[in-house]
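Shown next, in structure tokens, is the structure this report addresses.
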Amino acid sequence: MNAMMRGAAAPKAPEKFFIGGKWLEPISRQQLKVISPVTEELVITYPEAGKADIDRAVAAARDAFDNGPWPRMAPAERARYLRKVAEYLTERLDDIAQSWTLQVGAPIMLTKKLVGQNPTLFSYYADLIETYPFVDERKRDDGGRVRVAKEPVGVCAAITPWNAPLVLLSYKVSAALAAGCTIVAKPSPETPLEAYILAECIEKAGLPEGVFNLVPADREGGEYLVGHKSIDKVAFTGSTGAGKAIAKICADRLARVSLELGGKSAAVLLDDADFHAALPSLMAYTMPITGQVCFSLTRILVPESRKTEFLDLYVGAVKNIKVGDPFDPATQMGPLTMARQRARVEGYIAAGRAEGATVACGGGRPQGFDKGFYVEPTVFTDVTSHMKIVQEEIFGPVVSVLTYTDIDDAVAKANNSSYGLSGAVYTADPERGYEVARRMRTGSVTINGMIVDPKHPFGGYKQSGMGREGGPEGLDNYIETKTIHYA
């Protein structure tokens with residue numbers, strides 16, 4: 001087992017669910033599997049929550065919200081608990097990074113850099129709720145008194161994907177707990193380990209029973225949880241297709257829902273951009289975690305007059321990406337996470353070729369890897385905006401380079417997408433970049449780089465979702481507003 005995991009200690013397979021503040025034996029006898037993306041071998045088998053297990057978790061969260069102390073605590077008291085969770089997560093950062101690399105195949109040099117976002121989120125929301133205006137005193141025109149109260153939305157289902165398992169769960173759990181909500185968390189079946197680490201940290205921090213509950217399940221269990229009559233709010237991160245299905249279920253009873261979905265983000269290099277200065281962030285964010293990140297800059301727009309200059313630089317750098325064992329600190333790109341994901345990506349590469357695009361580099365499986373879900377980092381040129389590889393989210397290490405004639409053409413091509421999650425503008429003039437950023441129909445834009453900061457809002461326009469995570473706006477996701485008039 002140790003050899004299979006290339007340097008990671010063999011994890012202990014979870015055996016129970018965290019429900020009502022206790023570790024309970026499963027009612028269901030169903031099992032889920034985690035497969036190594038490096039060796040294609042079984043890593044662990046662990047229990048899958050069935051409907052009866054989910055019912056127990058929802059009932060515990062419901063009772064904790066309706067009758068327990070958590071929603072009724074002073075914000076400063078909830079903040080003390082959140083800081084304890086942050087403290088215990090900090091102690092487990094190495095475990096979290098190792099689990100992330102083991103299950104997803106993300107390079108260890110990257111996961112070790114990114115895991116600090118988890119305690120940061122809990123600390124941030126602890127600080128925020130100590131000054132957040134949960135009750136706002138106002139006056140009516142007739143001089144009468146009004147209080148506007150911000151109250152927790154209730155019992156929340158937090159459903160998260162496999163690509164960045166704990167970071168995406170922490171966004172939801174930290175904000176929901178800060179608001180005073182209770183939670184039923186359902187992590188992706190492919191990546192349960194970090195959610196169990198979070199549950200252990202929450203248990204150690206001493207949060208009241210039922211405030212946080214963990215029930216790993218597959219899609220069927222997720223649909224049952226989303227449709228549960230005792231769930232007040234669903235917070236989901238994942239594909240746009242799955243998000244639409246969840247929104248339909250929630251619409252039937254008008255349950256609150258926030259969705260952080262897919263993307264096809266554009267990096268626009270203006271005619272005055274320094275390509276050499278732009279290259280480091282393009283290398284980091286066009287194919288992060290083997291391209292399995294919703295905000296990846298998978299469309300690069302360059303001036304027609306500078307196409308050759310850019311391709312020589314960018315394609316040359318992509319060819320030198322070190323693909324290999326994700327536990328090797330020198331590895332820059334690991335495998336895709338699952339066999340089905342590799343099949344999906346290879347299907348898109350074939351579609352790009354069929355539609356007439358040119359493969360500037362990559363396009364196949366790297367040599368020397370008999371096992372593992374590896375795909376070469378791939379760059380397409382001679383693409384047009386109508387092509388499938390330009391319009392659809394691939395979720396793999398595949399980037400399309402398009403050209404434009406002027407600013408209006410660049411903006412039109414950047415906005416020619418059903419998605420609108422993120423983006424970037426590169427220019428020698430930041431204010432010119434700001435003007436272009438304002439014209440882009442997307443939720444986040446970085447000028448001369450790529451930044452995702454958990455203390456600031458993140459989310460999308462169009463089919464990239466609804467609502468925002470991070471920042472004060474992330475707390476608002478879990479708040480209902482009540483107006484109280486004094487007659």
Out of (1) more than 24 Å from Ala59 (Cα to Cα); (2) surrounded by fewer than 24 Cβ atoms within 10 Å (Cβ to Cβ), the one Asn163 does not meet is (2)
**Message:** Within the stretch 300-315, does at least one residue satisfy the condition of being small (Gly, Ala, Ser) and either in the same structural domain as Leu168 (by TED's automatic domain parsing) or crowded, with 20+ Cβ neighbours inside 10 Å (or both)?
**Reply:** no
Conditions (1) small (Gly, Ala, Ser); (2) within 29 Å of Pro26 (Cα to Cα); (3) in a helix (DSSP H, G or I) -> Ser281 fails only (2)
For the stretch 375-385, does any single residue satisfy the condition of being assigned by TED's automatic domain parsing to the domain that holds Val315, closer than 25 Å to Glu41 by Cα and hydrophobic (A, V, I, L, M, F, W, C)? yes
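Let's see how each residue does on (1) polar (S, T, N, Q); (2) within 20 Å of the chain's Cα centre (by Cα); (3) within 25 Å of Ser99 (Cβ to Cβ):
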residue	(1), (2), (3)
Ala157	no, yes, yes
Ile202	no, no, yes
Val211	no, no, yes
Glu220	no, no, yes
Glu223	no, yes, no
Gly227	no, no, no
Phe236	no, yes, yes
Exercise for the section: Report yes if some residue within the stretch 85-95 is outside the structural domain of Gln292 (by TED's automatic domain parsing) and on the phi > 0 side of the Ramachandran plot; otherwise report no. Expected result: no
- Residue check for Gly347: more than 27 Å from Gln98 (Cβ to Cβ), assigned by TED's automatic domain parsing to the domain that holds Ala278 and out of contact with any Lys or Arg (no Cβ under 8 Å at 6 or more places or on another chain): yes
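Residue-wise test of (1) assigned to a strand (DSSP E or B); (2) in contact (Cβ under 8 Å) with a residue 40 or more places away in the chain; (3) touching a helix residue (DSSP H, G or I) at 6+ places or on another chain (Cβ under 8 Å); (4) of a type in the set (Lys, Arg).
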{"residue": "Ile451", "(1), (2), (3), (4)": "no, no, no, no"}
{"residue": "Lys455", "(1), (2), (3), (4)": "no, yes, yes, yes"}
{"residue": "Gly474", "(1), (2), (3), (4)": "no, yes, yes, no"}
{"residue": "Glu480", "(1), (2), (3), (4)": "yes, yes, no, no"}
{"residue": "Ala487", "(1), (2), (3), (4)": "no, yes, no, no"}
Requested in this report: Answer yes or no as to whether Leu121 is on the phi < 0 side of the Ramachandran plot and out of contact with any helix residue (DSSP H, G or I) (no Cβ under 9 Å at 6 or more places or on another chain).
Outcome: no
Inspect the stretch 141-160 for any residue being among the hydroxyl-bearing types (Ser, Thr, Tyr) and either assigned to a helix (DSSP H, G or I) or surrounded by 24 or more Cβ atoms within 10 Å (Cβ to Cβ) (or both) and give the result as yes or no.
yes
Just a yes or no: is a residue in the stretch 41-61 within 16 Å of Thr182 (Cβ to Cβ), in contact with a Pro (Cβ under 7 Å, 6 or more places away or on another chain) and hydrophobic (A, V, I, L, M, F, W, C)? no
Would you confirm, using the coordinates I've provided, whether Pro329 is assigned by TED's automatic domain parsing to the domain that holds Asn416 and within 19 Å of the chain's Cα centre (by Cα)? no
Those strands (runs of 3 or more DSSP E) completely within the stretch 1-100 that have 2 or more residues that are at pLDDT 95 or above and more than 24 Å from the chain's Cα centre (by Cα) are 22-24, 42-47
For Pro457, the lone unmet condition from (1) in contact with a Lys or Arg (Cβ under 6 Å, 6 or more places away or on another chain); (2) surrounded by 21 or more Cβ atoms within 10 Å (Cβ to Cβ) is (2)
Quick count over the stretch 288-312, residues being closer than 16 Å to Gly449 by Cβ, of a type outside the set (Gly, Ala, Ser) and in a loop (DSSP other than H, G, I, E, B), is 4
Restricting the stretch 316-327 to residues that are within 12 Å of Pro107 (Cα to Cα) and free of Cβ contacts under 8 Å to residues at least 40 places away in the same chain, the one surrounded by the fewest Cβ atoms within 10 Å (Cβ to Cβ) turns out to be Lys322
Would a scan of the stretch 352-365 turn up a residue that is surrounded by 13 or more Cβ atoms within 10 Å (Cβ to Cβ), out of contact with any Gly (no Cβ under 9 Å at 6 or more places or on another chain) and within 20 Å of Glu190 (Cα to Cα)? no
Going through the stretch 117-133 in order, the residues found to be assigned to a loop (DSSP other than H, G, I, E, B) and crowded, with 16+ Cβ neighbours inside 10 Å are Tyr132
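The values are calculated or read from the model by the stated rules, or taken from the named source; none is laboratory data. Keep in mind that what you see is a predicted model, and the values were worked out from it rather than measured. Virtual Cβ from ideal backbone geometry, glycine too; neighbours counted across all protein chains shown.
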